[in-house]
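Before any comments, here is the structure.
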Amino acid sequence: MTIEHVTDDNFANEIKEGLVLVDFWAPWCGPCKMIAPVLNEIDEEMGNQVKIVKLNVDENSDTTSEYGVMGIPALILFKDGEKVDQAIGFQPKEAISALIAKYA
C-alpha cells in the first residue's frame, strides 16, 4: 500500500474500517522526518495488516485538537474508527511494529 495524506475533511472516512495508523506530523518537525522512512518500511512489510496515513497538524487543526495531539510525531492507532493506542515522539521500527501487531 501507499501511505496517503489525509485531511480534516476525509479523516473520519479514512479511519472507519480496519486497522489504521495515523502519523500526526509537520514539515518542520525533525523527528517527523526521521520517522517517515521507518513508516515506509512498515508499510511495505505490514501493509496487508494496517493502513498508514499522515495528517499535517499545521493544516488540519480540527482533527489534531479532537485527539489532543500536543507533541509530534504522534502515532495514533485506530481500529474500525475507534482509537485503541498511541505513541508520542520518535519510535523505533520494532516498537511501531509491536504496537500494530497487538491489534492486527
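The values are calculated or read from the model by the stated rules, or taken from the named source; none is laboratory data. Small disclaimer: the values here were computed from a predicted structure and weren't measured. Positions of Cβ are backbone-derived with ideal geometry, glycine not excepted, and every protein chain shown enters the neighbour counts. Just so you know, the surface numbers come from the protein's heavy atoms only, side chains and all, with ligands and any DNA or RNA stripped out. Shrake-Rupley method; radii C 1.70, N 1.55, O 1.52, S 1.80 Å.
Among the aliphatic types (A, V, I, L, M), more than 14 Å from PHE90 (Cα to Cα) and surrounded by 16 or more Cβ atoms within 10 Å (Cβ to Cβ), is that true of ILE3? Against the criterion (among the aliphatic types (A, V, I, L, M), more than 14 Å from PHE90 (Cα to Cα) and surrounded by 16 or more Cβ atoms within 10 Å (Cβ to Cβ)), ILE3 qualifies. Select from segment 66-104 the residues that are of a type in the set (S, T, N, Q) and either exposed (fewer than 12 other Cβ atoms within 10 Å of the Cβ) or touching a Leu at 6+ places or on another chain (Cβ under 8 Å) (or both) and write down the one among them that is nearest to GLU14 (Cα to Cα). By that ranking, first place goes to GLN86. Of all the residues in segment 12-61, those that are open to solvent by 40 Å² or more (accessible area, probe 1.4 Å) and touching a residue at least 60 places away in the same chain (Cβ under 8 Å) number 3.
The set of residues in segment 3-15 being over 11 Å from LYS54 (Cα atoms) and touching a helix residue (DSSP H, G or I) at 6+ places or on another chain (Cβ under 8 Å) consists of ASP8 alone.
Within segment 53-94, being under 10 Å from VAL20 (Cα atoms) and touching a Pro at 6+ places or on another chain (Cβ under 8 Å) holds for no residue.
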